[in-house]
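What follows is a short report on a single structure.
The values are calculated or read from the model by the stated rules, or taken from the named source; none is laboratory data. Just so you know, these numbers come straight off a predicted model, no measurement behind them. Heads up, the Cβs are rebuilt from the backbone with ideal geometry, glycines too, and the neighbour counts pull from every protein chain shown. Just so you know, the surface numbers come from the protein's heavy atoms only, side chains and all, with ligands and any DNA or RNA stripped out. Shrake-Rupley method; radii C 1.70, N 1.55, O 1.52, S 1.80 Å.
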Amino acid sequence: MEMNLFIAYIGIAIMVGLSGIGSAYGVTIAGNAAIGALKKNDSAFGNFLVLTALPGTQGLYGFAGYFMFQTIFGILTPEITAIQASAVLGAGIALGLVALFSAIRQGQVCANGIAAIGQGHNVFSNTLILAVFPELYAIVALAATFLIGSALVA
């Protein structure tokens, strides 16, 4: 039924949209800090680049979730059932929200590390480790999306 497919694609749009928005915010937060820190320590640009790019991964997770439902599970077809469509919607909301907030928070962690590096502190490795924590929850949400998709085709 076409309405079921419409509902599923709303979930996909939420998944891809919110994760992308979160990544855009996260890399902007870290990027703004990098610009300020470069004024004090332009030799650390490589470290700033890595820390600025980290929050961008959540946007990729949203796309990966869409890719799984479209290609791996193959359920985004006109034959999708109401239960399957509801599951895709739920997975989209879950992954989208988790990725949105984890990317923003990861950007804040990275921005603080960038500011400290700009002031001459050797905290790149520590910042990288601490920035993994918000990322972990986006990975868990992606894994949950995979499990939901797996259950739909079993």
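Just one of (1) open to solvent by less than 70 Å² (accessible area, probe 1.4 Å); (2) hydrophobic (A, V, I, L, M, F, W, C); (3) at pLDDT below 95 fails for Val153. It is (1). Of all residues in the stretch 121-139, those satisfying the criterion of being touching a helix residue (DSSP H, G or I) at 6+ places or on another chain (Cβ under 9 Å), hydrophobic (A, V, I, L, M, F, W, C) and in a helix (DSSP H, G or I) are Phe124, Leu128, Leu130, Ala131, Val132, Phe133, Leu136, Ala138, Ile139.
Return the residues of the stretch 17-37 that are over 22 Å from Leu100 (Cβ atoms) and open to solvent by 60 Å² or more (accessible area, probe 1.4 Å); say none if nothing qualifies. Spell out the reasoning first.
Kept after step one, since they are over 22 Å from Leu100 (Cβ atoms), are these residues of the stretch 17-37: 35-37.
The one that is over 22 Å from Leu100 (Cβ atoms) and open to solvent by 60 Å² or more (accessible area, probe 1.4 Å): Ile35.
Might you let me know whether the stretch 140-148 holds any residue that is under 18 Å from the mean Cα position of the chain (by Cα), farther than 26 Å from Ala44 by Cβ, open to solvent by less than 20 Å² (accessible area, probe 1.4 Å) and not charged (D, E, K, R)? The answer is yes; a qualifying residue exists. Pairs linking a residue in the stretch 102-120 that is open to solvent by 10 Å² or more (accessible area, probe 1.4 Å) and in a helix (DSSP H, G or I) to a residue that is hydrophobic (A, V, I, L, M, F, W, C) and at pLDDT below 95, with Cβ atoms under 9 Å and 6 or more positions apart or on different chains, do not occur.
Only a single item in (1) open to solvent by 30 Å² or more (accessible area, probe 1.4 Å); (2) assigned to a helix (DSSP H, G or I) is not met by Lys40, and it is number (2). Would you say Asn32 is closer than 23 Å to Ala116 by Cβ and of a type outside the set (Val, Ile, Thr)? For Asn32, the condition - closer than 23 Å to Ala116 by Cβ and of a type outside the set (Val, Ile, Thr) - is met.
Listed by first and then second residue, the pairs with beta-carbon distance under 6 Å, at least 6 apart or on different chains, first residue in the stretch 78-95 and within 26 Å of Ala138 (Cβ to Cβ), second at pLDDT below 95 and in a helix (DSSP H, G or I), are Gln84/Leu152; Ala87/Leu152.
Answer yes or no as to whether Phe67 is closer than 29 Å to His121 by Cβ, part of a helix (DSSP H, G or I) and without any contact (Cβ under 8 Å) to a residue 24 or more places away in the chain.
Working: closer than 29 Å to His121 by Cβ: no; part of a helix (DSSP H, G or I): yes; without any contact (Cβ under 8 Å) to a residue 24 or more places away in the chain: yes.
When the stated conditions are applied, Phe67 does not pass them.
If you go through the stretch 58-85, how many residues are surrounded by fewer than 20 Cβ atoms within 10 Å (Cβ to Cβ) and either at positive phi or within 25 Å of the chain's Cα centre (by Cα) (or both)? Of the residues in that region, 11 qualify.
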